[in-house]
1. Which one is surrounded by the most Cβ atoms within 10 Å (Cβ to Cβ) among residues in region 8-22 that are touching a strand residue (DSSP E or B) at 6+ places or on another chain (Cβ under 9 Å) and within 16 Å of residue 110 (Cβ to Cβ)?
2. Going through 44, 78, 51 one at a time, which residue ends up being over 29 Å from the mean Cα position of the chain (by Cα) and on the phi > 0 side of the Ramachandran plot?
3. When you go through 275, 332 one by one, which is the residue that is in a loop (DSSP other than H, G, I, E, B), away from the ligand (no atom under 13 Å from the Cβ) and either assigned by TED's automatic domain parsing to the domain that holds residue 177 or out of contact with any Phe, Trp or Tyr (no Cβ under 9 Å at 6 or more places or on another chain) (or both)?
4. What number of residues in region 128-142 are touching a residue at least 12 places away in the same chain (Cβ under 8 Å) and either closer than 16 Å to residue 176 by Cβ or touching a strand residue (DSSP E or B) at 6+ places or on another chain (Cβ under 6 Å) (or both)?
5. Among the residues of region 150-172, write down those that are of a type in the set (Val, Ile, Thr) and buried (at least 20 other Cβ atoms within 10 Å of the Cβ).
6. What pairs come up if the first residue lies in region 268-297 and is closer than 13 Å to residue 242 by Cα, the second is within 11 Å of the ligand (Cβ to nearest atom) and part of a loop (DSSP other than H, G, I, E, B), and their beta carbons are under 7 Å apart, counting only those six or more places apart or on different chains?
7. Restricting attention to region 89-137, and to residues there that are outside any helix (DSSP H, G or I) and acidic (Asp, Glu), which single residue is farthest from residue 61 (Cα to Cα)?
8. Picking from 341, 363, 321, which residue would you name as being in a helix (DSSP H, G or I) and surrounded by fewer than 19 Cβ atoms within 10 Å (Cβ to Cβ)?
Amino acid sequence: MISLIGIGSKREHMTLKAADRIKEADVIIAYKPYLEHIEDLIEGKEVLRRGMGDEMERVELAIEKEKEGKKVAIISSGDPGIYGMANVYFQIIDKYSDLEFEVIPGVTAATYAASALGAPLHDLAIISLSDLLTPLEEIERKIEHAAIADMVIVFYNPKSKTRVEPFESACRILNENRNPETPVGIVKTEGTDTIVEICKLKDLENQDIHMSTTIIIGNSLTYVKKGKMITPRGYKTKAELPPQTEEFYEKFFNGEIREGQNTDCEYFPCHEKQENCTFCYCPIYPCGDGATNGKWITDKDVWNCKDCNWIHNDKVVDEILDFVKENIHSMEDFDRKKKQLLKLRRATIYKTRNEDYQRCFELDDE
Ligand code: SF4
């Protein structure tokens, strides 16, 4: 039996099954540094340490040992199916008959880094920036399409001392196709320490990045709150409506509100960069996510929109006004159509992603 085992990013994240299979194995085959994490599990076993670049040799060795009737463990860091040894193994097994094998998953760098950053993942693309086996143009194409599609993007192997071009290209492509204010999470493991940093996309190129750094690029909805990076999923939340909301919407339903900017209003401008006052009271209230800079007032169950100027942007109003006019005819409709309103908000944030809506970027030290 050959077990292709992912041991995760750190020993404490290894699965019980991975540990069991390592203990049961007669032969351990691994890239040398991975063995540091599992020294206590491999005592007394035949251990074949190999270097970086010897991947095919590791697989051939494993097959040779399996043919001798031994239980073999091939060790990958992270998950064996994500730039690990599983893909190497499956590339050549057709050459052999009667092999018994299994793949044991592990915690990959993307999920490990995400847990250190908060909750930055939603639909995502994991892209290795190593161009050792992949043409640079292929890497660039994938980054560009993932950026346009608004995927959260995770970069593995971003940069080494001799290989900087893919990283520089990635920064350029992302800045061309995504808002430069987008939050970016950077996670490095140094010994037993995990170092976590968050920067803006426009500053990524100047960060201290190396080969084993994991980088997570947020999407149009990603924000930073209390030092954590969050990409919301858009669940419906509840909060009491601000007073006067009902009064405002009575007029709205009767076609009595003034569209566009209302400089005659005694409160104008009630938000920074207020272009449009059509939705004096937001039809999506409470959106319940900080992507446009709203926030909960702690311990009060009140959603505060003071710092959100998104709903007062001309392009945003253009996108949502018709839907509200056609679908919302009573205060009850706001609740009945809430999921549609929240989806419209997500779609509109994407369409207006290059607008300056003061994305929440609340680091602890700010
Ligand atoms: S005003 Fe902004 S923060 Fe408030 S509910 Fe509307 S979109 Fe959300």
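1. Of everything passing the filter in region 8-22, 9 is surrounded by the most Cβ atoms within 10 Å (Cβ to Cβ).
2. Every option except 44 fails the conditions.
3. Being in a loop (DSSP other than H, G, I, E, B), away from the ligand (no atom under 13 Å from the Cβ) and either assigned by TED's automatic domain parsing to the domain that holds residue 177 or out of contact with any Phe, Trp or Tyr (no Cβ under 9 Å at 6 or more places or on another chain) (or both) holds for just one of 275, 332, which is 275.
4. Matching residues across region 128-142 total 5.
5. Passing the criteria: 152, 153, 154.
6. 281/242; 282/305; 285/241; 285/305; 286/237; 286/239
7. The qualifying residue farthest from residue 61 (Cα to Cα) is 123.
8. 321
The values are calculated or read from the model by the stated rules, or taken from the named source; none is laboratory data. A quick note: this is a predicted structure, and the numbers were derived from the prediction, not measured. We place every Cβ from the backbone using ideal geometry, glycine too, and count neighbours over all the protein chains shown.
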